[in-house]
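This report refers to the structure that appears directly beneath it.
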Amino acid sequence: MKKLKASDDGIRVLTGTITEGTYNGSENRLHLFDGRFDTGFRIVSFTIAPASPALSQELVAKLSTQPKSDTDGWLWNDVEEVGWAHWGADKYHDSWSNIRENTMIIEDLWISAYNETIDQADVNYEIILQKYDLGTDWQGSLAMVRNKSQA
């Protein structure tokens, strides 16, 4: 497996806005699959922020390889969940994220978010991905099985 160079379109930056509390809509599905099983993506960075940052809000979000209906919780033992982020604005602003480093995403990625303060609020996200050449189709298939093996 090798990283593709930036000149080979190796870095992909996804930005957008989703509605909190959603998980299986078109806004939640991030299309990555290029029709090939010998390439995949690793998450480099995951950041969230509210669409209205002047309001005091607390947000949580997660990335997964399948849609997850539990938008306000994290299950780190679920191998389909691959990234988590928090954003809080009160007296002390904080931002935090964690990424499952050993995950190779072959097909699509799903994002969901929850806003503790405001229902149906918009949540901004930025996801930076690095594309990899896996060498063979069977290595991509193996990565897909590994992503679901303990779910």
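Things to note:
- Listed from fewest to most Cβ neighbours within 10 Å, the set Lys68, Lys62 follows the order Lys68, Lys62.
- Here Thr136 and Thr47 are evaluated by their C-beta separation; at R0 = 41 Å the FRET efficiency comes out at 0.80.
- Counting all C-alpha pairs of segment 2-148, share separated by more than 27 Å (%): 22
- Rounded to 0.05, the FRET efficiency of the His31 and Glu101 pair, given R0 = 22 Å and the Cβ-Cβ distance, is 0.45.
- Counting Lys and Arg as +1 and Asp and Glu as -1 over every other residue whose Cβ lies under 13 Å from the Cβ of Ile128, the net charge comes to +2.
- Using a cutoff of 8 angstrom between alpha carbon atoms and counting only pairs six or more residues apart, the relative contact order for segment 2-148 works out to 43 percent.
Quick note: the coordinates plus some simple rules give every number you see, no bench work behind them. Everything quoted here is computed from the prediction, not taken from an experiment. Every residue, glycine among them, receives a Cβ derived from its backbone with ideal geometry; neighbour counts consider all protein chains shown.
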